[in-house]
1. For the range 293-312, which positions are part of a loop (DSSP other than H, G, I, E, B) and in contact with a strand residue (DSSP E or B) (Cβ under 7 Å, 6 or more places away or on another chain)?
2. Got a sec? Which of 32, 58, 89 is modelled with pLDDT of 75 or more and touching a helix residue (DSSP H, G or I) at 6+ places or on another chain (Cβ under 7 Å)?
3. Inside the range 746-830, counting only strands (runs of 3 or more DSSP E) that do not spill past its ends, which hold 3 or more residues that are at pLDDT 95 or above and either in the same structural domain as residue 711 (by TED's automatic domain parsing) or surrounded by fewer than 22 Cβ atoms within 10 Å (Cβ to Cβ) (or both)?
4. What strands (runs of 3 or more DSSP E) lie completely within the range 172-240 and have 2 or more residues being buried (at least 23 other Cβ atoms within 10 Å of the Cβ) and modelled with pLDDT of 85 or more?
5. For the structure I just gave you, tell me whether residue 101 is at pLDDT below 65, farther than 26 Å from residue 689 by Cβ and either surrounded by 14 or more Cβ atoms within 10 Å (Cβ to Cβ) or in contact with a helix residue (DSSP H, G or I) (Cβ under 6 Å, 6 or more places away or on another chain) (or both).
6. I'd like to check which strands (runs of 3 or more DSSP E) are fully inside the range 328-429 and have at least 2 residues that are surrounded by fewer than 15 Cβ atoms within 10 Å (Cβ to Cβ) and in contact with a helix residue (DSSP H, G or I) (Cβ under 9 Å, 6 or more places away or on another chain).
7. Please verify whether residue 316 is closer than 30 Å to residue 414 by Cα and in a loop (DSSP other than H, G, I, E, B), treating the condition exactly as stated.
8. Check whether at least one residue in the range 63-85 is in a helix (DSSP H, G or I), modelled with pLDDT of 60 or more and out of contact with any strand residue (DSSP E or B) (no Cβ under 8 Å at 6 or more places or on another chain), and report yes or no.
């Protein structure tokens with residue numbers, strides 16, 4: 001509701017909608033400003049809303065209309081060649097609706113009764129109510145709904161979902177996405193490390209921000225590595241996820257494409273500029289105190305008695321509503337006919353959080369005499385042994401150490417529209433962080449390890465520049481060309497190592513510098529022939545990476561050598577689709593990729609010279625697929641792909657605790673996908689909508705690259721090598737139901753099989769003792785239900801309940817007799833989380849949000865973690881957003 005006639009008149013957005021509705025009685029073709037080029041359409045008869053969606057996709061049009069306009073109406077469909085305006089008029093024929101073109105690629109659809117809205121009189125209180133308008137993208141489908149229209153395993157994380165469920169870490173925004181999680185959620189220095197269907201790290205998941213990679217692999221001691229990508233959630237405009245390989249992507253397990261804010265995210269319809277300012281706070285954190293200890297001090301030797309001494313600190317949890325952390329962001333944008341500009345800044349600061357109280361907390365128990373053996377098979381007999389009955393060495397409601405973070409992020413982006421056919425976008429993102437993810441994961445890997453708050457933090461500096469060009473001339477189906485290039489510079493500085501190593505000098509922090517750059521050019525050509533419709537997408541792509549120890553690092557930590565190497569990878573690909581019948585589509589693709597890597601490091605002779613080991617390899621990756629659409633709103637699809645992943649820079653270069661194996665071959669993943677999409681309007685009641693997506697996947701990764709404990713001539717070390725294969729098989733489900741202001745979404749996934757085969761004849765449902773994949777194994781199953789209800793047009797309330805099951809497989813590596821456990825399994829127990837939220841639109845400019853995460857204050861450990869520490873307990877968050 002908009003108060004006052006003059007405010008209504010000042011609002012250009014409302015004036016635009018009113019003008020469009022008032023002019024709806026005019027013929028749509030009379031508004032056509034210039035001659036249109038005919039396109040080929042294939043839209044079956046049936047419900048009008050589905051037909052309009054198909055029209056938007058096939059014509060590249062944006063449509064705006066009230067949700068009830070299309071409800072209950074049907075169309076006779078359209079098959080053949082026509083201009084977009086002719087096609088739209090044909091679809092609306094006999095429906096009683098009309099339209100008006102607002103540009104060459106946008107139109108508004110109305111019923112005759114809506115023409116009087118613009119001249120309607122205000123109510124007695126001087127207000128005027130406007131009906132909601134549905135705006136469909138140029139593809140005819142909103143990004144959140146797109147997965148249910150796409151015959152492939154895709155998912156979308158909307159800005160709305162990011163706002164409501166951002167959690168204490170960016171990794172939390174992936175919760176509720178079937179088959180997708182982020183590892184190292186609490187020890188990841190404010191980053192994400194995406195796991196898709198059990199595969200993670202080493203470039204298996206291609207993660208980009210506006211098309212640019214900034215992922216860096218961070219060494220975590222014997223315990224593993226983190227593959228980190230950095231971005232502040234306040235600067236994100238949405239995330240698109242593709243699960244599985246695609247010939248146009250470097251990712252073998254999938255692609256995560258994060259989009260930063262565009263001008264259209266800030267500027268309201270009908271306005272030339274916009275400003276968004278957001279501020280918020282959270283609870284359940286505290287300022288770190290250097291030297292603080294966690295949990296219990298456990299006896300180290302059998303003769304010290306069976307007594308665990310609790311830490312004197314860490315139990316001073318603040319009040320539930322006491323603000324202890326904060327964040328803020330500001331974004332301003334200009335949107336004109338021929339250019340767009342946006343600038344944004346985000347800042348957030350939080351201390352160490354407190355664990356929940358209810359669950360498997362630290363619990364010393366005297367279990368009597370027990371023989372205990374370590375990873376080196378050295379055993380001791382304890383007359384009285386204290387066993388921890390909990391998951392970690394943290395008590396319920398205790399402060400979790402080395403978790404604090406302070407980040408600053410920048411975004412600058414400009415876009416020039418030369419005409420309706422061409423655009424050029426230039427962007428820059430910056431990220432600065434000081435975080436408490438300062439301890440090597442290998443220092444916190446047992447339920448008896450007592451963590452210590454370090455004085456130093458981990459520093460991260462990231463700068464990324466990207467340029468993107470698009471040329472899509474209207475009426476020319478042979479050209480839809482995109483080209484992009486990027487460069488990222490990443491610096492990571494880690495605390496000095498202490499403990500069994502002597503502290504290093506001064507305030508110096510060792511680390512690594514990494515540069516990443518790349519580019520891609522692709523084009524899509526469409527043909528409408530007598531034998532059917534053909535689409536061809538073809539292109540070339542390249543990426544490079546150079547990483548080396550930062551200045552002074554080798555002198556400060558002579559025993560711990562960072563990688564010093566360069567890697568390049570290039571690819572060419574083509575994929576096509578053929579639609580010989582309205583209900584049948586055949587797909588195929590082929591990719592050739594080749595990589596080159598050069599190791600400049602020798603960890604046993606720490607010198608600044610070229611070690612000289614070079615690697616290169618490559619191969620083809622084919623794919624085929626079939627989509628059948630037997631009924632309107634039903635898609636059945638199956639795909640097969642054979643994808644190649646070359647060794648990453650970590651797997652192709654020498655570093656501390658791991659040497660290069662020149663015999664390592666690329667991974668070859670053979671993936672099967674069988675899926676179905678279902679969409680139905682008026683499903684249970686007039687005006688409602690239901691959508692479902694179901695998938696079965698079977699991935700067989702031949703020559704899976706793993707790590708082992710390797711001994712040659714009595715000298716032992718870690719070594720990269722190929723096992724025979726790894727297998728991942730499972731089911732995924734996602735469903736949405738909408739009725740008026742009510743919306744519910746259910747997601748689920750279940751793993752039928754996870755298997756690691758060290759040799760062809762030695763396969764087990766267990767992870768390997770020394771392999772990084774130990775803590776990449778996902779839960780056996782997970783469920784997530786989100787529901788919301790809109791009340792009084794201003795208030796939206798809702799919540800989410802999630803259940804995470806046990807680990808999908810065990811850990812034992814019994815096929816490698818005599819091997820020691822050099823990666824500790826970070827296990828978890830099944831848990832259920834409840835989150836609630838509320839959103840209140842105060843007026844047309846201000847929106848307030850509030851929420852409670854982990855409402856029941858559950859004590860739990862996140863899956864895919866490398867360290868033994870619990871997740872946050874009950875936390876209240878609130879924010880206020882002003883948008884002008």
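The values are calculated or read from the model by the stated rules, or taken from the named source; none is laboratory data. Being a predicted model, the structure only gives us computed values, none of them experimental. For neighbour counting, all protein chains shown are included, and Cβ atoms are generated from backbone atoms with ideal geometry for every residue, glycine included.
1. Within the range 293-312, 298, 299, 306, 308, 311 meet the criteria.
2. 89
3. 781-791, 795-804
4. Of the strands (runs of 3 or more DSSP E) lying wholly inside the range 172-240, those with at least 2 residues that are buried (at least 23 other Cβ atoms within 10 Å of the Cβ) and modelled with pLDDT of 85 or more span 180-182, 194-196, 205-209.
5. no
6. Here the list reads 379-382.
7. No: the conditions fail for residue 316.
8. No: the range 63-85 contains no residue that is in a helix (DSSP H, G or I), modelled with pLDDT of 60 or more and out of contact with any strand residue (DSSP E or B) (no Cβ under 8 Å at 6 or more places or on another chain).
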